[in-house]
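Colleague: The structure follows.
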Amino acid sequence: MKRRTKPYFDHDGEPLLTAQQAADRLGVNVETVRRWVRKGSVRYVEIGPNHLRRLRQSDVDGQRKYCGAA
């Protein structure tokens, strides 16, 4: 059973995605997305006291050209 995550939005109202959501959207493995974050190819936002990482949807969509996602 998949765990449901609370939807987050940045201050401009843009959706923020988990690494898994980004991977699903791009059709790549979640470790690939995490590698992009570590390398700085995709920026992230830290949320809350636990510093959860979320990715801006526009940044994720910008990666489509590198992974061949339609």
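Read the figures in this text as sums done on the coordinates, not as results from a lab. Just so we're clear, the structure is a prediction, and the values are computed from it rather than from any experiment. Glycine gets a Cβ as well: all are built from the backbone with ideal geometry, and neighbour counts include every protein chain shown.
Colleague: Extension gain L52-D12, at 0.36 nm per residue separation less the Cα-Cα distance, in nm?
Modeller: Length difference between fully extended and current span is 12.5 nm.
Colleague: Can you give the local net charge around K65? Use residues other than it whose beta-carbon is closer than 15 angstrom to its beta-carbon, Lys and Arg +1, Asp and Glu -1.
Modeller: Taking every Cβ under 15 Å from that of K65, the sum is 0.
Colleague: Then there's this: Can you give me the long-range amide H partners of Y8? Hydrogens built in the peptide plane at 1.01 Å from N, cutoff under 5 Å, separation of 5 or more residues or another chain.
Modeller: L16
Colleague: R56's amide H: which non-local residues (gap 5+, or another chain) put their own amide H closer than 5 Å, with H modeled 1.01 Å from N in plane and none for Pro or chain starts?
Modeller: The answer is L17, V45.
Colleague: Taking the highest mean first, how do the peptides 43-53, 11-21, 26-36 order by number of other beta carbon atoms within 10 angstrom per residue?
Modeller: 26-36, 11-21, 43-53
Colleague: Once every DSSP H run of n ≥ 4 in the chain is given -39500 (n - 2.57) and the sum is divided by its residues, what mean residue ellipticity at 222 nm do you get, rounded to the nearest 500 deg cm²/dmol?
Modeller: Taking each H run of at least 4 residues, the total per residue is -10000 deg cm²/dmol.
Colleague: Can I ask one more? For the chain, find the longest principal axis of its Cα atoms and tell me its angle to the long axis of helix 30-39, 0 to 90°, nearest 10.
Modeller: The answer is roughly 80 degrees.
Colleague: How large is ³J(HN,Hα) for each residue in segment 40-53, as worked out from phi by the Karplus curve 6.51 cos²θ - 1.76 cosθ + 1.60 (θ = phi - 60°), to whole Hz, x for Gly and Pro?
Modeller: x, 6, 10, 7, 9, 10, 8, 10, x, x, 8, 6, 5, 8
Colleague: Expected output is a single nm value to one decimal: the length gained when fully extending between D24 and S41, i.e. 0.36 nm times separation in residues minus the C-alpha distance. What is it?
Modeller: The span from D24 to S41 would gain 4.4 nm if fully extended.
Colleague: Here is a further query. Pop a pseudo-label 7 angstrom from the Cα along the beta-carbon direction at both E31 and C67 and give the gap in nm to one decimal.
Modeller: Distance between label points: 1.5 nm.
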